[in-house]
Amino acid sequence: MITFKPIVIQGGRRKDGTWPVKIRVTFKGQSRRLPTTLMCVDADLTRSGKIKNANVLEKAAELITRMRASCNQLSPFVVEAWTVDDVVRWIRKDLTAEQWRLDFFQFADEYIDSKKESTRAVYLSALRTFETFLGKRYVDVNEITRQMLLDFLDFVDARPVMHRSKTGTLVETQREKVSHGVSREYLSKLSHIYGKAKFRYNDEDSGIIRIPRNPFAGLTGKEYPHNGQPSLGVEVMQKIIDWEPQDWIEEIAQAAFLFSFGTMGANLTDMRSQVDPPTDGIWVYNRRKTADRRVDRAEVRVRIPEQISPFVAKLRGPQGRSGKWLGALQRWSRDNSATLMINMALRRWAEREGIKPFTFYAARHTWATLARSAGVEKATVDEALAHIGDYRIADIYAERNWSLAWAANDKVMALFRWPL
């Protein structure tokens, strides 16, 4: 049992007449003294040297309460092997962390600024939702608790699904939510930021533990399944091909979606960043999402299918000052803005058709699903999609047979009726 008592040391009177108050920590019959900022004068002590000043005793009791709370976190099986020095060391570290402050939102803003533009959006969305949940834009990193995060999950799951109407206002969408999908994604991003803060401000080798806890432990795993973006299937894809756009945004959305589908799932960021047009009908690009994780810079070679030529023509202009091949996608200065507007147009069309809303990423997922259903081997699908997979350095020196991926794309294109 660990006990605590405020004391002054006999003979410890300073030259200014004050007596420093210490907290005596006793464990397994041994004692150590922890210093405090409290002071007594002669009038605060009894003749035997015990503290009698009620104000000093009250403040000492508050400090002891914090020390007890610190020790209550410890497993009894761990403490059983400890000495009093281990206990004192733990209290010092924990109370030091308690006094140290770090604004979680400020650190998150700095960290998000270091991320690529294409990955910032979900982090910012998670942070804004966390701010809405708290009702303020400040929380100390050590004030985040497991119960707070569980309440945050319930808060996100209870929120209605919103979409932007034709007038530009946000309205509630009457559609099924992905079970725990958004809340799990948000929690994952917040947990990642929290882990980066621990990595930066803790130094375990030096015994500096400013962030001792991890309230996210066990909350970001499999108990919150994410169903992901569904494959659309042949029937819905045919409807998208036959779609008659009602405005220029819908026209670009349809053309961009079918371009992605027809080029084996090209991402919108790659379509926007591409400068050079195809050479002899072959479009070469590096998939930005995995380029820094593959030794071949995630190079993809696509033979542009003749079937999507009308949609390619819609995306080629106007180029303006961008000078990029798919100039119509340069109407927006940022990838996030382009993605938002195209997804809004796709959602609007889906609701008009009575189809479950989907996002631009569904083109990639649908192509992969249909290719596998057509009998294409998984390795060929992975290569076409420029996944990380099990790509090895040895593969650099092997001749890449892109004709396999192109043949797979031919099979997928043949499933549909395309405009003449």
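The values are calculated or read from the model by the stated rules, or taken from the named source; none is laboratory data. Because the structure is predicted, anything quoted here is derived from the model rather than measured. Note that each Cβ is placed from the backbone with ideal geometry, even for glycine, and that neighbours are counted across all protein chains shown.
Could you please let me know if Val88 is surrounded by 12 or more Cβ atoms within 10 Å (Cβ to Cβ), closer than 24 Å to Gly12 by Cα and over 41 Å from the mean Cα position of the chain (by Cα)?
Working: surrounded by 12 or more Cβ atoms within 10 Å (Cβ to Cβ): yes; closer than 24 Å to Gly12 by Cα: yes; over 41 Å from the mean Cα position of the chain (by Cα): no.
Considered against the rule, which asks whether it is surrounded by 12 or more Cβ atoms within 10 Å (Cβ to Cβ), closer than 24 Å to Gly12 by Cα and over 41 Å from the mean Cα position of the chain (by Cα), Val88 comes out as no.
Go through segment 248-277 and give me each residue that's surrounded by fewer than 18 Cβ atoms within 10 Å (Cβ to Cβ) and out of contact with any helix residue (DSSP H, G or I) (no Cβ under 8 Å at 6 or more places or on another chain). Walk me through how you get there before you give the answer.
Going residue by residue through segment 248-277, those that are surrounded by fewer than 18 Cβ atoms within 10 Å (Cβ to Cβ) are 248-249, 273, 275-277.
Correct list: Trp248, Val275, Asp276, Pro277.
Anything in segment 62-99 that is in a helix (DSSP H, G or I), free of Cβ contacts under 8 Å to residues at least 12 places away in the same chain and small (Gly, Ala, Ser)? List them, or say none.
Residue satisfying the conditions is Ala69 alone.
Kindly evaluate Ser48 against the criterion of being out of contact with any strand residue (DSSP E or B) (no Cβ under 9 Å at 6 or more places or on another chain) and under 30 Å from Thr145 (Cα atoms).
no
Which residue out of Ala414, Ala384, Ala338, Ala407 is surrounded by 20 or more Cβ atoms within 10 Å (Cβ to Cβ) and at pLDDT 85 or above?
On the way: Ala414 fails: surrounded by 20 or more Cβ atoms within 10 Å (Cβ to Cβ); Ala384 fails: at pLDDT 85 or above; Ala407 fails: surrounded by 20 or more Cβ atoms within 10 Å (Cβ to Cβ).
Going through Ala414, Ala384, Ala338, Ala407 in turn, the sole match is Ala338.
Tell me whether segment 117-136 contains one or more residues that are in the same structural domain as Phe27 (by TED's automatic domain parsing), at pLDDT below 85 and of a type in the set (Val, Ile, Thr). Outline the logic, then answer.
Initial filter on segment 117-136 (in the same structural domain as Phe27 (by TED's automatic domain parsing)): none.
No, segment 117-136 contains no residue that is in the same structural domain as Phe27 (by TED's automatic domain parsing), at pLDDT below 85 and of a type in the set (Val, Ile, Thr).
Which members of segment 56-72 meet the condition of being in contact with a Leu (Cβ under 8 Å, 6 or more places away or on another chain), among the small types (Gly, Ala, Ser) and modelled with pLDDT of 90 or more?
Correct list: Ala60 only.
Residue-by-condition table, conditions (1) under 16 Å from Ser188 (Cα atoms); (2) crowded, with 17+ Cβ neighbours inside 10 Å; (3) in contact with a helix residue (DSSP H, G or I) (Cβ under 7 Å, 6 or more places away or on another chain); (4) of a type outside the set (A, V, I, L, M):
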| position | (1), (2), (3), (4) |
| --- | --- |
| Lys59 | no, no, no, yes |
| Ser75 | no, no, no, yes |
| Gln106 | no, no, no, yes |
| Lys115 | yes, no, yes, yes |
| Thr132 | no, no, no, yes |
| Thr145 | yes, no, no, yes |
| Asp151 | yes, no, no, yes |
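Considering only segment 15-57, how many residues are of a type in the set (Asp, Glu) and either within 30 Å of Glu80 (Cβ to Cβ) or free of Cβ contacts under 8 Å to residues at least 24 places away in the same chain (or both)?
Just the residues of segment 15-57 that are of a type in the set (Asp, Glu), to begin with: 16, 42, 44.
Those left that are additionally either within 30 Å of Glu80 (Cβ to Cβ) or free of Cβ contacts under 8 Å to residues at least 24 places away in the same chain (or both): 16.
The qualifying residues number 1.
Give the number of residues within segment 345-372 that are surrounded by 19 or more Cβ atoms within 10 Å (Cβ to Cβ) and acidic (Asp, Glu).
Qualifying residue count, segment 345-372: 0.
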